[in-house]
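What follows is a single structure, written as structure tokens, with notes after it.
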Amino acid sequence: MLAAWRQFSRAVTAINTLTGYLSGVLIVICSGVLVFEVVVRYWLNWPTDWEIEMSIMLLIVATFMSAAFTQASRGHVGIEVLDALLSERANRWRNLIGDILSMAFCLFIAWHAWKFFHEAWADGKMSNTAWAPKLWPAYLFMALGMTMLSLQMLVQLGDQHIHQHREDEE
């Protein structure tokens, strides 16, 4: 059972690391799209209609797909002053409760993002702009990102439990 957990944990972490780095590439591509828009719009006087929306879509994907990578390194905002004020035991409980509540929130958002994805896919929803791209890709990556963030939190909770269980045995 422990070996299966370790494989699951490594797989989730590997996927989240890959998507974290790919998100960085998407941000660079987004920057290129915006530079292209500035050049063609202001220097060449070409009309633009897809560049801003493409950039928004790329940033949505990058944001949601990098969230689990950030969580893996505990890079999200935390209240570090409490670490110094509370005892080690109190901090463990605070972190455990915070992680569980955060995971519950992320699961709630993931569930609704999957519903939005299904609705956009089934109904063929499109943006109300001249370019009018389909909305399901943005919702898909929101749902995937929040699901992977929830799985990363589950991995961290499980690893923390295993680590504490081993400390208790020693």
**Message:** Quick check on segment 1-60: of everything there that is of a type in the set (Phe, Trp, Tyr) and in a helix (DSSP H, G or I), which residue is nearest to Gln152 (Cα to Cα)?
**Reply:** Phe8
**Message:** Looking at the structure I just gave you, is Leu101 touching a residue at least 24 places away in the same chain (Cβ under 8 Å), of a type in the set (A, V, I, L, M, F, W, C) and open to solvent by 70 Å² or more (accessible area, probe 1.4 Å)?
**Reply:** no
**Message:** For segment 113-131, which positions are surrounded by 14 or more Cβ atoms within 10 Å (Cβ to Cβ) and either within 15 Å of Leu151 (Cα to Cα) or within 18 Å of the chain's Cα centre (by Cα) (or both)?
**Reply:** Ala113, Trp114, Phe116, Phe117
**Message:** So, Asp99, is that one among the charged types (D, E, K, R), at pLDDT below 95 and not in a helix (DSSP H, G or I) or not?
**Reply:** no
**Message:** Name the single residue that is farthest from Ser66 (Cα to Cα) among those in segment 132-147 being in contact (Cβ under 8 Å) with a residue 40 or more places away in the chain and open to solvent by 30 Å² or more (accessible area, probe 1.4 Å).
**Reply:** Pro137
**Asked** Which ones in segment 38-53 are free of Cβ contacts under 8 Å to residues at least 60 places away in the same chain, out of contact with any Ser or Thr (no Cβ under 6 Å at 6 or more places or on another chain) and either of a type outside the set (Asp, Glu) or loosely packed, with under 14 Cβ neighbours inside 10 Å (or both)?
**Response** Val38, Val39, Val40, Tyr42, Trp43, Leu44, Asn45, Trp46, Pro47, Thr48, Ile52
**Residues that are open to solvent by less than 60 Å² (accessible area, probe 1.4 Å), closer than 18 Å to Asp159 by Cβ and touching a residue at least 12 places away in the same chain (Cβ under 8 Å), drawn from segment 75-98** = Leu96
**Asked** Name the pairs: first residue in segment 1-14 and more than 16 Å from Ser66 (Cα to Cα), second residue in a helix (DSSP H, G or I), Cβ to Cβ under 8 Å, at least 6 apart or on different chains?
**Response** Leu2/Ile162; Trp5/Gly158; Trp5/Ile162; Phe8/Val155; Ser9/Val155; Ser9/Gly158; Ser9/Asp159
**Prompt:** Is there any pair linking a residue in segment 114-130 that is more than 22 Å from Met54 (Cβ to Cβ) to one that is surrounded by 13 or more Cβ atoms within 10 Å (Cβ to Cβ) and among the charged types (D, E, K, R), with Cβ under 8 Å and at least six apart or on different chains, and which?
**Reply:** Glu119/Lys125
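The values are calculated or read from the model by the stated rules, or taken from the named source; none is laboratory data. Keep in mind the model is a prediction, meaning the values are calculated, not measured. Note: ideal-geometry Cβ built from the backbone for every residue, glycine included; neighbour counts use all protein chains shown. Note: areas computed on protein heavy atoms with side chains; ligands, DNA, RNA excluded. Shrake-Rupley method; radii C 1.70, N 1.55, O 1.52, S 1.80 Å.
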